[in-house]
Amino acid sequence: MSDSLTCVSTPSPAAPPIRRLTPRDLTACADLSENRGWPREEHKWGLLLAAGTGYGIDDPEGGLVTACVVTEYGPRERPDLGAVGMVLVAERHARQGIGRRLMRHVVAEMGTTPLTLHATPSGRPLYEELGFKVTGRAEMVRGHFVHGGVEPKVFTRPATAEDLAAILRLDEEIFGVDRTHVITRLPAFSDQLRVAEENGRIIGYASAWPNVDNHVVGPLIARDTETAKALIASLAAHTDRLIRTDIDVRHEELLSWLKDRGLTSIAFNAVMTYGISELPGDWTRRFAPLTVAAG
């Protein structure tokens with residue numbers, strides 16, 4: 001989920017200012033999520049506010065009117081890509097043009113940096129109005145993973161500190177831009193971080209991080225579908241929680257396999273881009289994002 005807004009009118013000239021959010025705003029962001037019927041997701045907000053740039057408007061009565069986070073990738077001075085997520089407007093301020101104003105501000109702040117986001121059906125019209133184009137789809141699946149059948153014959157193991165350099169190289173090759181400042185946070189953010197290995201070479205990696213009552217699998221980067229299956233199965237073997245992940249719909253075989261093992265489809269999001277016709281990198285080896293809010 002990356003948006004919860006419907007906007008129709010234009011804000012007045014006296015509208016309160018948009019400001020940068022910091023990790024100190026975590027509770028207010030979680031309160032805003034809850035206000036819109038989302039889980040509080042404090043763990044995820046903590047990562048996004050630390051690794052990305054938050055934008056928001058203060059509510060004179062306390063808390064936030066609106067918020068979103070942009071996670072930039074590539075060189076700090078000239079990012080290659082910005083991922084927009086967690087776009088929220090408080091219920092009592094909805095349909096007043098506030099979400100549109102926030103997004104226009106973000107697009108202007110990012111200048112020539114290409115942008116991407118995952119849009120819900122309700123948020124998509126606004127993003128299209130702002131110039132975002134649909135370039136793909138992701139399917140969210142969730143459930144208790146059922147082991148059985150022919151298991152993928154790919155060796156996986158827990159990642160170690162010594163694996164980090166190889167993980168970063170593989171991630172940049174497949175994602176298409178440098179995500180070092182986010183990927184290096186995975187060992188602390190995730191409950192599990194595992195790699196797939198062949199002849200001593202890392203051919204994929206995935207993490208499972210806690211979110212409410214489930215473990216989210218992401219990022220999921222793998223040489224091929226069999227490697228992706230092996231990583232998911234190995235993560236699922238070490239948790240009793242529900243498994244949730246967002247899979248690029250072009251990975252039909254993996255989605256079918258997950259549904260055969262107890263996961264069910266719960267949502268579809270449109271993958272949208274601004275300033276580029278498609279995402280960089282190699283989609284055939286990029287199976288799931290870290291989170292739809294950060295790519």
Identify all residues within the stretch 266-290 that are among the hydroxyl-bearing types (Ser, Thr, Tyr) and out of contact with any Leu (no Cβ under 8 Å at 6 or more places or on another chain); write none if there are none. Ser277, Thr284
Could you list all residues from the stretch 250-295 that are under 22 Å from Arg179 (Cβ atoms), assigned to a helix (DSSP H, G or I) and among the basic types (Lys, Arg)? Arg285
From the residues in the stretch 114-144 that are among the polar types (S, T, N, Q) and surrounded by fewer than 20 Cβ atoms within 10 Å (Cβ to Cβ), which one is nearest to Gly74 (Cα to Cα)? Thr135
Output the residues belonging to the stretch 240-249 that are outside any strand (DSSP E or B) and buried (at least 17 other Cβ atoms within 10 Å of the Cβ). Arg241
Return the residue satisfying two criteria in turn: it lies in the stretch 221-234 and is buried (at least 22 other Cβ atoms within 10 Å of the Cβ) and out of contact with any Pro (no Cβ under 8 Å at 6 or more places or on another chain), and of such residues it is farthest from Pro152 (Cα to Cα). Ile221
Regarding the stretch 204-212, can at least one residue be identified that is under 18 Å from Glu252 (Cβ atoms), touching a strand residue (DSSP E or B) at 6+ places or on another chain (Cβ under 9 Å) and at pLDDT 95 or above? no
Strands (runs of 3 or more DSSP E) wholly inside the stretch 91-167 containing at least 1 residues that are under 17 Å from Gly295 (Cα atoms) and within 17 Å of the chain's Cα centre (by Cα): 115-119, 133-143
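The values are calculated or read from the model by the stated rules, or taken from the named source; none is laboratory data. Predicted model only: the values in this text are computed from it and were never measured. Reconstructed Cβ throughout: ideal geometry from the backbone, glycine too, with neighbour counts over all protein chains shown.
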